[in-house]
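What follows is a single structure, written as C-alpha cells, with notes after it.
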C-alpha cells in the first residue's frame, strides 16, 4: 500500500495515500505531490474569522449571556454543513460523541464575540487516532474558555483575544491547560 506523510506542528504520521488528494482551494489541508499537511487551524488566506460587534466585553461579563443566544441565528446548521465541501473534506458519518472526528468550529469563538457566520466557520478535524479529548477541536475549546476568562477578568483585551485565537490558538494551549478553566456558558 502506498502511504503519504501527514504532518502537523506536533508530529508526523503515515496515512494511506488515498487520503492525499487535490483540494479546490487553500484551506486546512494542502496536497502537494502525494503529501498532505494537516494543521490545527486554517491558513490565513482561507479564513480570517469574523466578529459580532454587538458582543462586547460588557455583554461577555453579563451573567445572563450564553452562546446559545448567538448560535444558528446568522447561519443555519444546514448552511454551516456546506463548509465541509468548501474545504474539500468529506462530511464524516456518525460524527457524534466519542466518534466525533470533526467539528464545525468558529475560528473566533462565540464566547469571544465571534460571528456565527460562514466566514467564521471551518471544519476542524483530527488528529487521526486521537481520543476525543485530544482532538484539536476539544483542545481549542480549552483555549476559548481560557481566553474568555482572561477577557472577563480584564487580564486581556477582547480585541487581543480575538486576534490571538484567529492567528494561532495553539500559542495559548499550554496556559489554558495549566489554568484548567471550566466550560463557559
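Nothing in this text is a laboratory measurement; each read-out follows from the coordinates by a stated rule. Keep in mind that what you see is a predicted model, and the values were worked out from it rather than measured. Using ideal geometry, Cβ is built from the backbone for each residue, glycine included, and neighbour counts are taken over all protein chains shown.
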Computed D for region 116-178, Stokes-Einstein, Kirkwood radius over alpha-carbon pairs, 25 °C, 0.890 mPa s, to the nearest µm² per second, is 196 µm²/s
For region 57-179, report the translational diffusion coefficient in µm²/s to the nearest whole number, using Stokes-Einstein at 4 °C, 1.567 mPa s, and a Kirkwood Rh over Cα pairs.
85 µm²/s
Burial ordering of 70, 111, 171, 78, fewest other beta-carbon atoms within 10 Å first
78, 171, 70, 111
Protection proxy ranking, peptides 58-65, 119-126, average beta carbon neighbours within 10 Å, highest first
119-126, 58-65
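In what sequence do 104, 147 fall when counting other Cβ within 10 Å, fewest first?
Numbers: 104 18, 147 28.
Least to most surrounded, the residues fall as 104, 147.
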